[in-house]
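K.L.:
One structure is given below, represented as structure tokens, and several questions about it will come after.
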Amino acid sequence: MDFDPQKNYYEILGVDENASEDDIKKAFRKLAVKYHPDRWGDKEKFQEINDAHQVLSDPRKRQQYDAMRKGGFGWFGWGWFQVDFGSWGVDLGDLMGDLFGVQTWWRGRGRQDGNDLQIGMSISFEEAFLGCEKTIQVSRMQRVAGATKETCSTCKGAGVVQQKVQTPFGAMFAQASCNSCGWSGKIFTKDGKRLASWWLEKVNTDVTVKIPAGIKDGVFIKYAGKGDESPSGGEPGDLYIKITVQPSDRFIRQWDDLHVKVDVTVFDLVLGGTVRINHPEWPLDVTIPKGTQVTSKVKVAGKWFGDKWFFAKRGDMYLIPILTLPKKLSREEEQLWEQLKKINGSA
């Protein structure tokens, strides 16, 4: 089977079991936009909704899936049979293999794609703002250097052979893995010696990762075809790089806006002043307006991350004033503060 009857695909897509094909398509598109790895979504969640869509959007697969959930139907390549193996706790693939010595197609489904790889990469807060390039080393399964391949003469390149088996239902033909090439349909050799069908070796490869400006913590960058190569002639897997953005001791990111705490004096708040911010792009001198309150924020437009949705507007920077007061005063300074206190009290 190419589905899991234990999973509720309807629930995964958020649709009713009587949903139409259009309803299923609309639900999938909505979730795909939200979770697609190319849009920095959740790779595992996207795979889950993609699997659900693959089953429910195909009338034949959906019929098989619904039947399996409701009563243990099975499917052979040559037709339907209705035997409640599920209620016996028996795996049909294991049953056929154990009884008749046949590796049937649902236990080894032909040419499989290579495995996806996932690795982590840590970048600084400033690198996340500006974007950068980094080279990392990836260990992947790759074709043995210098190996050659030719079509398997046993299965004629199909990777499978037909076998006749006697079952309780009569004589049946089942597809089984080719013993000569093991699903690949190819024979691999190097220096005149035959290699196993698993003709791969682990190789360390340098990959240059381009970090886009404004990337968020925890997102994935996908490199198609950079995962493990397939041992059986399928497509290579993909490489997913999970980005971890290190926290800053100066800045706090809130969506596409930047919040930064700055030390100010009472004179800056009352009379106005200027403070310098070591912004990731370049130092900025920001004016504190007269009469700024301690609980206020000073906004500097367009000084944070990337484009903001449809309006192509960058996020903003907000200064949070932190009032600092002198711990010690000279006699003259203390007299001046007393004068200000009297003036304020008489105002």
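The values are calculated or read from the model by the stated rules, or taken from the named source; none is laboratory data. Model, not experiment: these values are computed from the prediction. With ideal geometry, Cβ positions are generated from the backbone for all residues, glycine too; neighbour counts draw on all protein chains shown. Side chains are part of the model used for accessible areas, which takes the heavy atoms of the whole protein and leaves out ligands, DNA and RNA. Shrake-Rupley method; radii C 1.70, N 1.55, O 1.52, S 1.80 Å.
K.L.:
Go through segment 18-53 and count every residue that is loosely packed, with under 15 Cβ neighbours inside 10 Å and either free of Cβ contacts under 8 Å to residues at least 12 places away in the same chain or among the aromatic types (F, W, Y) (or both).
P.N.:
Residues that pass the stated criteria total 11.
K.L.:
Shifting gears a bit: Filter segment 285-301 down to the residues that are surrounded by 11 or more Cβ atoms within 10 Å (Cβ to Cβ) and more than 11 Å from L258 (Cβ to Cβ) and list them by number.
P.N.:
V286, T287, I288, P289, K290, T292, V294, S296, K297, V298
K.L.:
While we're on this one: How do the strands (runs of 3 or more DSSP E) wholly within segment 228-280 filter down when requiring 1 or more residues that are under 28 Å from the mean Cα position of the chain (by Cα): which remain?
P.N.:
Where strands (runs of 3 or more DSSP E) fall fully within segment 228-280 and carry at least 1 residues being under 28 Å from the mean Cα position of the chain (by Cα), they are 239-245, 251-254, 257-264.
K.L.:
On the basis of being at pLDDT 80 or above and farther than 30 Å from H279 by Cα, does T104 make the cut?
P.N.:
no
K.L.:
Follow-up question, since we're still on this one. Determine if segment 168-184 includes at least one residue that is aliphatic (A, V, I, L, M), assigned to a loop (DSSP other than H, G, I, E, B) and at pLDDT below 80.
P.N.:
no
K.L.:
Please count how many residues of segment 302-334 are in a helix (DSSP H, G or I), modelled with pLDDT of 80 or more and open to solvent by 100 Å² or more (accessible area, probe 1.4 Å).
P.N.:
Qualifying residue count for the region: 2.
K.L.:
Can you pull out the residues in segment 258-267 that are surrounded by 13 or more Cβ atoms within 10 Å (Cβ to Cβ) and over 25 Å from G315 (Cβ atoms)?
P.N.:
T265, V266
K.L.:
Can you tell me which residue in segment 189-211 is surrounded by the fewest Cβ atoms within 10 Å (Cβ to Cβ), limited to those that are farther than 24 Å from G159 by Cβ and in contact with a Phe, Trp or Tyr (Cβ under 9 Å, 6 or more places away or on another chain)?
P.N.:
Here the residue is V207.
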